[in-house]
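Structure first, then comments.
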Amino acid sequence: MRLHDLHVPSSFWVPLFCVVALGLAPGCICSQSNAVTLTPDLVVAGSPELLHVQAAPDSKLEGDWLGHKVQFFPAHDGRDWFALTGVDVEAPTGPSVLRVVVRSDKGALELSRTIEIHPAHYRTGSLTVPPKFVEPDPDDLKRIQAESQLKAKVFAASVSVPLWAGSFRAPVNAQPTDSFGTRRTFNGKLASIHKGMDFRAPTGTPVRAGNSGMVVLARPLYYEGNCVVIDHGLGIFTISMHLSRIDVKESQLVAEGERLGLSGATGRVTGPHLHWAVRWQDAYLDPAKMLRLNLDSVIGAAR
């Protein structure tokens, strides 16, 4: 599908008409809440969301939602603007406010709307793991703390343009499990929320990049085992854990489908598999929903 094949509701043109046709004075703000669309339109906790706004090519867009800065990028046609965002798996349900402001030399348009966040019904489960992963010794605690600081630094920075192009693809040729969002108990003591998708990948299964981007972490970690993190730009990251081998280096650019390493059973695991996570800023999104999100219509939008 091409960008100009997208169905565009007539309401998208109303804000532009307000600014351009009516010639609003600089600093004038008017509101048009139905000018921003979300895909999918039913928003649940853990859902990735593609935002779409129409604005003039010389516009500047800014936004915020759920305490996150929303960064828009223009498509090649110059009038379609997109942002790939999402709702954290632990986000509270109920109404939220999405604020978008379109600025031009004619003035500013505030395109705010209320977004209802619906509950997602995730499972509960329990696992038995080696005791050191539930009660780490002092040396392991030091390592865990250092790695926590490292990961915070990695996720704090992201390329300012989208490096991804088109829809995301599954990282392995293996059966996924319905594991995202599962409330887990480890050895009957430690409760957590599973923030990724597990694939039943035997040790040695090639693990590939789900989309193009830059490798920002490629090293062994205490809980994650051999881990590769890809920055896809504008706060979108994918994380591949428990690898038996890493085949890429940090700062390396990778294409969609490029091999990152081999699946394995390193870190806190009960057996070989691939844990694959999707993150937007500090929000963890459902990878299964990301794989179903059709982004081919905005392929290479900012390139």
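Values quoted throughout were computed directly from the atomic coordinates according to the rules given, and no laboratory measurement underlies them. A quick note: this is a predicted structure, and the numbers were derived from the prediction, not measured. Every residue, glycine among them, receives a Cβ derived from its backbone with ideal geometry; neighbour counts consider all protein chains shown.
Place a point 7 Å from Cα of ALA152 in the direction of its Cβ. Which residues in the range 220-257 have their backbone N less than 19 Å from it? Of the residues in the range 220-257, 221-224 have backbone N under 19 Å from the label point off ALA152. One compactness figure for the range 124-298 is 0.99, namely its Cα radius of gyration divided by 2.2 N^0.38 Å. In this structure, the pairs whose alpha-carbon distance is over 26 Å, taken from LYS69/LYS289; LYS60/LYS151; LYS60/LYS153, are LYS60/LYS151; LYS60/LYS153. Residues ARG103, ARG183 in ascending order of nearby Cβ atoms (within 10 Å, fewest first): ARG183, ARG103.
Each of ASP282, ASP88 was scored by other Cβ atoms within 10 Å of its Cβ. Listed from fewest to most, they are ASP282, ASP88.
Which order do LEU150, LEU221, LEU243 fall in if you start with the one that has the fewest other Cβ atoms within 10 Å?
Working: LEU150 13, LEU221 21, LEU243 28.
Fewest-to-most Cβ neighbours within 10 Å comes out as LEU150, LEU221, LEU243.
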